[in-house]
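This report refers to the structure that appears directly beneath it.
The values are calculated or read from the model by the stated rules, or taken from the named source; none is laboratory data. What you see is a predicted model, and the numbers here were worked out from it, not measured in a lab. So basically every Cβ, Gly included, is an ideal-geometry build from the backbone, and we count neighbours across all protein chains shown.
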Amino acid sequence: MAESQVNHTGWKFVDTAGSSSRPVDRPLEILVIGGGFAGLNAVSELAGVEARIWLVDKRNHHVFQPLLYQVATAALSPADIGYPIRSVFRRRQDVHVIMDELIRIDLARKVAVFPGGEADFDYLVLACGATHGYFGREDWARFAPGLKTIEDALEIRSRILLAFEEAEMEADPDNRIADLTFVIVGGGPTGVEMAGALRQIATQALPNDFRNIDTKSSRVILIQSADRLLPTMPEDLSARALEDLLQMGVEVRLKSRVTEIGEGFVMIGDEKVNAGCIFWAAGVKGNPVAATLGVPLDKSGRVLVGPDLSLPGYPFAFAIGDIAAVTDPVSGNPVPGVAQGAIQMGRFVGKLIRDDIQGRFARDPRPVFHYRDKGQMATIGRSRAVAQIGRWHFAGFFAWLTWGLVHVLFLVGFRNRFAVLAQWIWDYVTFSKGARLITGNVRPHVRSHHGAYLIPVSTPVPEAPQDVSSPPG
């Protein structure tokens, strides 16, 4: 990225002639794509390296994904789990944070393509995560959103709260039942946590807020194709999670498959369930950028990396986090797509690049990545959680406290830690959900208003103005 070859249409320094020659005295360029756990930890590990580091993300903030479901269920606000990436590295003059979206990678030319031009690099770290996987039924996405970003969480939050608003005004009993039916597809940690949180909203946070509906009658249905919930956790903890959800009133359908999803309904086998809200937590697939690399991918579209997390045939390029398909050489098990896995991969690759720049692999082979399993946790509801740490399996109140402590400690920024802890304490004492805001230009869609509120008229009623919140002039 020579300074004399600046492309003024974007942030990039471009080799406009397509030449492979570079000025002798230019700094090494390390391009890191993605500001999640993997990307942040890779950049942190590169502190002090004689190189210029470019950290690129299509958003300006890091998101603590394990708590996204709490934004979606109105327990936390987006700012509680997000942190500006620039603030993380404000004291690192070698790190250039860029808000841009990667289009594709040309590994042969060592070039990354962005909307405004091309950026060359000496080392590439792909940490751009994964997206929702619908197993070939991408048309389901508009009816059953997944949960990967703050935007997803806000969309889901609006759908949940709108469902209660619509039921409050609905006259038809069948429509009201449908409005108050919530279906979650997928029985992994996200699905289990969403199901428990939704049931808590209906039974603890909202009952006194509505006049025409009993929010406690809401149905929360959790669909899992496997024969147990939380299949990556020990069987005793899966059984405890199932027991807790059933006690809370969640309907759990094990060994069940979704065959169709449409506007306001889901087919579970041959059974049709009318539902006001359907959410997807059943699968993920690799970032679409992976398909541009020309390297082997797994069936989920993730990069099949080498033992050192490099791309096969390209020792200068690495894939880490959810975009990478990694098998631990010791256990033989796939590295799970959790925060700990991403953090460990980021630190490993950052140190490997540092050592490579310092010439430590001139004669010695590169190290092999080993995943250290520090345990798994899932929260189910108030004072309910399951946890596995080493040989220890525990559940209930202590597991719930442990889960909360671990998640607070991993948040980026002291303000975020304090805010989340304070909000959790307040919610525990008051049984409230403080972030129940419906945002965006949306309004309830009611099929038949009850007569105590509106009387149907024969002439069409004009549409309301799009924005009535601003004063005239």
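Can you say whether K374 is surrounded by fewer than 23 Cβ atoms within 10 Å (Cβ to Cβ) and touching a Leu at 6+ places or on another chain (Cβ under 9 Å), as far as the supplied structure shows? Break it down stepwise before answering.
Values: surrounded by fewer than 23 Cβ atoms within 10 Å (Cβ to Cβ): yes; touching a Leu at 6+ places or on another chain (Cβ under 9 Å): no.
In short, no.
Within segment 285-304, residues that are over 10 Å from A130 (Cα atoms) and without any contact (Cβ under 8 Å) to a residue 60 or more places away in the chain sit with their Cβ atoms under 7 Å from residues that are of a type in the set (G, A, S) and part of a strand (DSSP E or B), at 6+ positions apart or across chains, in these pairs: L297/G286; D298/A325; L304/A325.
Remark: pairs (first residue in segment 168-183, over 13 Å from D214 (Cα atoms); second residue among the acidic types (D, E) and surrounded by 20 or more Cβ atoms within 10 Å (Cβ to Cβ); Cβ separation under 7 Å; 6+ apart in sequence or on different chains) are absent. Per the listing K351, K299, the residue uniquely among the basic types (K, R), surrounded by fewer than 21 Cβ atoms within 10 Å (Cβ to Cβ) and under 27 Å from P27 (Cβ atoms) is K351. Every listed requirement among (1) surrounded by 19 or more Cβ atoms within 10 Å (Cβ to Cβ); (2) out of contact with any Leu (no Cβ under 6 Å at 6 or more places or on another chain); (3) at pLDDT 95 or above; (4) at negative phi is met by R104 save one, (1).
Between Y83, Y123, which is buried (at least 20 other Cβ atoms within 10 Å of the Cβ), more than 24 Å from the chain's Cα centre (by Cα) and at negative phi? If you could, list the steps in order and put the result at the bottom.
Values: Y83 fails: more than 24 Å from the chain's Cα centre (by Cα).
Among Y83, Y123, only Y123 is buried (at least 20 other Cβ atoms within 10 Å of the Cβ), more than 24 Å from the chain's Cα centre (by Cα) and at negative phi.
One residue stands out in segment 402-436 among those that are surrounded by 12 or more Cβ atoms within 10 Å (Cβ to Cβ) and either in the same structural domain as L180 (by TED's automatic domain parsing) or closer than 30 Å to R176 by Cα (or both): the one that is modelled with the lowest pLDDT, namely F431.
Residues are listed down the side, and each one gets a yes or a no for (1) of a type in the set (V, I, T); (2) under 21 Å from G48 (Cα atoms):
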residue: A72; (1), (2): no, no
residue: A75; (1), (2): no, no
residue: I85; (1), (2): yes, yes
residue: R92; (1), (2): no, yes
residue: I98; (1), (2): yes, yes
residue: R104; (1), (2): no, no
residue: R109; (1), (2): no, no
residue: G117; (1), (2): no, no
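Looking only at segment 217-268, residues that are within 18 Å of T379 (Cα to Cα) and not β-branched (V, I, T) come to 24 in all.
Give me the residue from segment 249-270 that is part of a loop (DSSP other than H, G, I, E, B) and of a type in the set (G, A, S) and, out of that set, surrounded by the most Cβ atoms within 10 Å (Cβ to Cβ). Among those residues, the one meeting the criterion is S256. Condition check for S225 on (1) touching a residue at least 60 places away in the same chain (Cβ under 8 Å); (2) part of a loop (DSSP other than H, G, I, E, B): one failure, at (1).
Pairs meeting the criteria (first residue in segment 240-260 and within 17 Å of A202 (Cα to Cα), second residue among the β-branched types (V, I, T) and outside any helix (DSSP H, G or I), beta carbons under 6 Å, at least 6 apart or on different chains) are D244/I380; L245/V252; V250/V220; E251/I221. Determine, yes or no, whether V125 is more than 30 Å from I261 (Cβ to Cβ), assigned by TED's automatic domain parsing to the domain that holds E45, part of a strand (DSSP E or B) and without any contact (Cβ under 8 Å) to a residue 60 or more places away in the chain. In short, no. Yes or no: segment 190-204 includes at least one residue that is touching a Phe, Trp or Tyr at 6+ places or on another chain (Cβ under 9 Å) and surrounded by fewer than 21 Cβ atoms within 10 Å (Cβ to Cβ). Scanning segment 190-204 turns up at least one residue that is touching a Phe, Trp or Tyr at 6+ places or on another chain (Cβ under 9 Å) and surrounded by fewer than 21 Cβ atoms within 10 Å (Cβ to Cβ). Cβ-Cβ contacts under 6 Å between residues 6 or more apart (or on different chains), taken from a first residue in segment 41-65 that is touching a residue at least 60 places away in the same chain (Cβ under 8 Å) to a second residue that is buried (at least 23 other Cβ atoms within 10 Å of the Cβ) and in a helix (DSSP H, G or I), are listed as N41/G346; A42/G346; A42/V349; A42/G350; E45/G350; L46/G350; H62/I85; F64/I81.
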